[in-house]
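Down below is the structure, laid out as structure tokens.
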Amino acid sequence: MNKRLLGTAFAACLLLLLLDAQARAQGAHTLEGRVALPNGAPPVQPVRVTLTLSGRRLFETFTDLSGRFTFTGLRAGNYQLTATGDDRTFETTSVTASVSSFGSAPQSFTQNIQLRLKAGDSDGPGATVSAEELDPEVPERAREKYRQAVKSAAEEKPVQAVKLFEEATKTHPAFYAAHLALAEQLAKQQRYDEALAAYRRAGELKPDRAEPYVGIGVTLVSQKKYEEGIRMLRGVVEVDREIAAPYLSLGYAEMMLGDYKAAEEHLRRAAAPGKQPVAHIYLANVYEQLGETAKAVEHLEAYLKESPQSANAASVRGAAEKLRKKLKGVK
């Protein structure tokens, strides 16, 4: 069996281990919530939410367009949730979340985060709604449908949210935020072709904004249309290399097509401290396929360091141990 087949076998094995870990982790707890501005609306841009325990950072994620976030695979304990401020309208805000265990069954806990306005903000809560909502050309009926849709999305009612976002876009076809939010909800339901159409319409409305193009690229990768997704996402990062969103999907697609050097570069950016720990798992596969087993082990260990309570942790430890034995020549 050649190196590439061995690497592919490693990737398949690791992915199976991860899926098995997720199945066995049904007893792990979930902590979810919603980040909201003082007026109750979700922030216009995604907000970074960090989960810490006893001062140690465990996980990090970003809110979706409805302001929601989720952390899974948690043990009982008193956690701290921190929503990072945007340096313009709201402060960094931290709250405590208690995850208690009653029996062995998995349980879900909710802790919302109410953002605080920055000191000296004289405009008050009303100034924190999206620019699109404040646009006088957006009819009140479209704004109301948009607000209702955001609320439905926050309440995990995706079918209703899609219907309301569609009504908002029909009432005002130039409603950029509604098209973008509609695309996100459609993608979450794996209605990929419809999501692509909505992202493209948003891109037509605001061709200078990166979000629609990132959405198109990520959706194409989700459809396993890797070459098309790579072209789109590479175009985004060529314009703005500092934007974080494209790198994980871009590196994953490059890995799946065997372009390991490009995948290495982009996945390393996605795996930078405070970003997306799962990129370390993809990097481990890349290095295994490149024959750099020691680096593969390093990235599995990095994943475990950043996500020690992940539902995948036990399987990743197992994969790392197998690679260590391979390094030592142990069968």
> Do the conditions hold for THR52, that is, is it of a type in the set (Val, Ile, Thr), crowded, with 16+ Cβ neighbours inside 10 Å, in contact with a strand residue (DSSP E or B) (Cβ under 8 Å, 6 or more places away or on another chain) and assigned to a strand (DSSP E or B)?
Replying inline: no
> Going by the structure shown, is GLU298 modelled with pLDDT under 90, surrounded by fewer than 23 Cβ atoms within 10 Å (Cβ to Cβ), closer than 28 Å to THR50 by Cβ and among the charged types (D, E, K, R)?
Replying inline: no
> Out of the range 283-331, which residues are within 23 Å of the chain's Cα centre (by Cα) and among the basic types (Lys, Arg)?
Replying inline: LYS305
>> I want to confirm something. Restricting to the range 55-103 and keeping residues that are part of a strand (DSSP E or B) and of a type in the set (Val, Ile, Thr), which single residue is modelled with the highest pLDDT?
In response: THR82
>> Suppose the filter is more than 22 Å from VAL218 (Cβ to Cβ), outside the structural domain of VAL35 (by TED's automatic domain parsing) and modelled with pLDDT of 90 or more; does ALA198 pass it?
In response: no
>> Suppose the filter is closer than 30 Å to ALA174 by Cβ, free of Cβ contacts under 8 Å to residues at least 60 places away in the same chain, surrounded by fewer than 16 Cβ atoms within 10 Å (Cβ to Cβ) and not assigned by TED's automatic domain parsing to the domain that holds LYS326; does ARG231 pass it?
In response: yes
>> Quick check on my filter: what residues within the range 146-185 are within 18 Å of GLY67 (Cβ to Cβ) and more than 23 Å from the chain's Cα centre (by Cα)?
In response: GLN148, LEU164, ALA168
>> I need the full set of residues from the range 112-144 which are under 17 Å from PRO43 (Cα atoms) and at pLDDT 55 or above, in order please.
In response: ASN112, ILE113, GLN114, LEU115, ARG116, LEU117, LYS118, ASP135, ARG143, GLU144
>> Name the single residue that is farthest from SER310 (Cα to Cα) among those in the range 238-282 being of a type in the set (Val, Ile, Thr) and under 16 Å from the mean Cα position of the chain (by Cα).
In response: ILE243
> Can you pull out the residues in the range 145-160 that are hydrophobic (A, V, I, L, M, F, W, C) and at pLDDT 90 or above?
Replying inline: VAL159
> Within the set of pairs 6+ apart or on separate chains, which have a first residue in the range 87-100 that is exposed (fewer than 11 other Cβ atoms within 10 Å of the Cβ), a second that is in a loop (DSSP other than H, G, I, E, B), and C-beta atoms under 7 Å apart?
Replying inline: SER100/ALA76
> Restricting to helices (runs of 4 or more DSSP H) lying wholly in the range 190-285: which have 3 or more residues that are more than 28 Å from ALA296 (Cβ to Cβ)?
Replying inline: 192-205, 211-222, 226-239
> Among THR84, THR52, THR63, which is the only one that is β-branched (Val, Ile, Thr), under 25 Å from GLN148 (Cα atoms) and out of contact with any Cys (no Cβ under 8 Å at 6 or more places or on another chain)?
Replying inline: THR63
>> Given the criteria more than 17 Å from the chain's Cα centre (by Cα) and either of a type in the set (Asp, Glu) or within 21 Å of PHE62 (Cα to Cα) (or both), does VAL221 qualify?
In response: no
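The values are calculated or read from the model by the stated rules, or taken from the named source; none is laboratory data. Remember, it's a predicted structure, so these values are computed and weren't measured experimentally. Note that each Cβ is placed from the backbone with ideal geometry, even for glycine, and that neighbours are counted across all protein chains shown.
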